[in-house]
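Worksheet for the structure shown next.
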Protein chains: 2
Amino acid sequence: MVPDYAKARQGKRAHYDEAAIHAILDTGLVGHVGFVADGRPMVMPMAYARCGGTLYLHGASKTRLMGLDGLKLCVTVTQLTGIVVARSSFHHSVNYRCAVVHGQARKVTDEEHARALDAITDHLLPGRSSELRGMTAQELKATGVIALDIEAASAKIRTGPPVEDPADLPSTLWGGVVPVVTALGTGIQDAHTPEGTLPPESLRKAQAKFIA
Amino acid sequence: MVPDYAKARQGKRAHYDEAAIHAILDTGLVGHVGFVADGRPMVMPMAYARCGGTLYLHGASKTRLMGLDGLKLCVTVTQLTGIVVARSSFHHSVNYRCAVVHGQARKVTDEEHARALDAITDHLLPGRSSELRGMTAQELKATGVIALDIEAASAKIRTGPPVEDPADLPSTLWGGVVPVVTALGTGIQDAHTPEGTLPPESLRKAQAKFIA
């Protein structure tokens, strides 16, 4: 059962199956995290990772994030895939996939804490955490993790060419879709990288993963 | 004066000058709109446009959007520009620009309504509205617009290579930045486009505008 607050208002684009929602979450680069502070909505972009039915968010322990423990959260991951160019302003649109998930913030500790931090690193760079030394106790202490156990979620997906008003057809105007491409470029090594060092395997995996 | 709720918690990356904030808003493809519904945070991706100190959002009149009139909103526009690859999980990061704006939703009518709809179309495809017939009364009625007169805003920007723990240097590991590139591809014309029709000028302007 999808609770009313999690239902998409434009029914024809809505999906509620877990596979569709997870596929969007797992290929998104950034999540937009919504919470309520003093009655006011706040939306912050954050790195994240999904493990099973849980999303993990991290941030410096001293930031606003850790104060969210116990609060309701909404995390939205959006992938824009095209601009839809029609013969009328009214029928202009965008192609996109988005997942909207709801749950309550839960402060993460102990083994789950370290596991979640690895998962967040590995979400952007698959396998990166195993290419590196482990985190120190001080680093773990300085980095807080909030879990959101997904209580309800929906996805919205639009694909395909413009819809048109029949009165606008036939037309001499160009119409169609302009792809929005998001991809990782070639890594730019920093000054500490020894000459001739190849980028890590995790970077190649990320380049293969994040392309739309 | 920046009110406390609009202050970024990581001070070193924060900017409050209008030019920096407007530059991010004006080159973003999608905004994430936060509001509170029944005490619960909601975050929805939306097309938008900025005119002076006002953001406009639009949606079908029958959707949740028009019920926001009078409510507090937070709109966040994020451009991810790189994945920062360090020698420790702790120092992994992302390069990004984001603008977070706060204000109250105001239902838009009459001339401002039509002007705002043109601005939203022209934000994604500069000049597109003047390439098309005007909107009909029925189309205007079916499309609601909410304005957010910006009351407070902040920007956060991270650029540059990884920071490292001195204990991790010198290192044999690769470190640096992987660019995240977002750009518009070649337009794919639909079946209604007469053979040989060139894409409109607005599309070429969009291709020049949205590249990072």
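The values are calculated or read from the model by the stated rules, or taken from the named source; none is laboratory data. All values reported here derive from a predicted model rather than from experimental measurement. Because the Cβ atoms are built from the backbone with ideal geometry, glycine has one as well, and the counts that use them run over all protein chains shown.
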The residue that is nearest to A:His92 (Cα to Cα), considering only those in region B:27-52 that are in contact with a Ser or Thr (Cβ under 8 Å, 6 or more places away or on another chain) and either part of a helix (DSSP H, G or I) or free of Cβ contacts under 8 Å to residues at least 40 places away in the same chain (or both), is B:Pro45
Quick one: how many residues across region A:1-11 are under 18 Å from A:Gln104 (Cβ atoms), within 13 Å of chain B (Cβ to nearest Cβ) and either in contact (Cβ under 8 Å) with a residue 60 or more places away in the chain or among the aromatic types (Phe, Trp, Tyr) (or both)? 3
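Out of all the residues in region B:86-112, which are part of a helix (DSSP H, G or I) and over 26 Å from B:Ala155 (Cα atoms)? Steps first, answer last, please.
Quick first cut of region B:86-112, residues part of a helix (DSSP H, G or I) only: B:89-91, B:110-112.
B:Asp110, B:Glu111, B:Glu112 - these are the residues of region B:86-112 that are part of a helix (DSSP H, G or I) and over 26 Å from B:Ala155 (Cα atoms).
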Taking region B:37-74 and keeping only residues that are modelled with pLDDT of 95 or more, of a type in the set (Lys, Arg) and over 23 Å from A:Phe35 (Cβ atoms), one is left with B:Arg50
Among the numbered criteria (1) touching a residue at least 12 places away in the same chain (Cβ under 8 Å); (2) farther than 26 Å from A:Val2 by Cβ, which one does A:Leu57 miss? (2)
Close pairs from region B:121-136: first more than 7 Å from chain A (Cβ to nearest Cβ), partner small (Gly, Ala, Ser) and outside any helix (DSSP H, G or I), Cβ under 6 Å, at least 6 apart: B:His123/B:Ala49
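Residue under question is A:Gln189, and the condition is that it be surrounded by fewer than 20 Cβ atoms within 10 Å (Cβ to Cβ), at the interface with chain B (Cβ under 8 Å from one of its Cβ atoms) and out of contact with any helix residue (DSSP H, G or I) (no Cβ under 8 Å at 6 or more places or on another chain); does it hold?
When the stated conditions are applied, A:Gln189 passes them.
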With the structure loaded, tell me whether A:Lys141 is more than 8 Å from every other protein chain (Cβ to nearest Cβ), outside any strand (DSSP E or B) and either within 17 Å of the chain's Cα centre (by Cα) or modelled with pLDDT under 95 (or both) or whether it fails that test. yes
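When the residues of region A:22-46 are narrowed to those that are β-branched (Val, Ile, Thr) and out of contact with any His (no Cβ under 7 Å at 6 or more places or on another chain), which ends up surrounded by the fewest Cβ atoms within 10 Å (Cβ to Cβ)? First the steps, then the outcome.
Of the residues in region A:22-46, the ones β-branched (Val, Ile, Thr) are A:24, A:27, A:30, A:33, A:36, A:43.
Still in the running and out of contact with any His (no Cβ under 7 Å at 6 or more places or on another chain): A:24, A:27, A:30, A:33, A:36.
On the way: A:Ile24: 24, A:Thr27: 15, A:Val30: 20, A:Val33: 28, A:Val36: 22.
Only one residue fits best here, namely A:Thr27.
Mind counting the residues in region B:63-74 that are facing chain A (nearest Cβ under 7 Å) and either in a helix (DSSP H, G or I) or under 20 Å from B:Val2 (Cβ atoms) (or both)? Lay out the reasoning, then the answer.
Start the filter on region B:63-74 by keeping residues that are facing chain A (nearest Cβ under 7 Å), which leaves B:63-64, B:72-74.
Of the ones still in play, those that are also either in a helix (DSSP H, G or I) or under 20 Å from B:Val2 (Cβ atoms) (or both) are B:64, B:72-74.
Adding up the residues that qualify gives 4.
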Which residues, taken from region B:137-150, are in contact (Cβ under 8 Å) with a residue 40 or more places away in the chain and either exposed (fewer than 15 other Cβ atoms within 10 Å of the Cβ) or touching a Ser or Thr at 6+ places or on another chain (Cβ under 9 Å) (or both)? B:Lys141, B:Ala142, B:Thr143, B:Gly144, B:Val145, B:Ala147, B:Leu148, B:Asp149, B:Ile150
Contact list, first residue from region B:12-26 and among the aromatic types (Phe, Trp, Tyr), second anywhere and buried (at least 18 other Cβ atoms within 10 Å of the Cβ), beta-carbon distance below 7 Å, six or more apart or interchain, is B:Tyr16/B:Ser154
Every residue in region A:110-134 that is among the aliphatic types (A, V, I, L, M) and more than 19 Å from B:Ile83 (Cα to Cα), please. A:Ala114
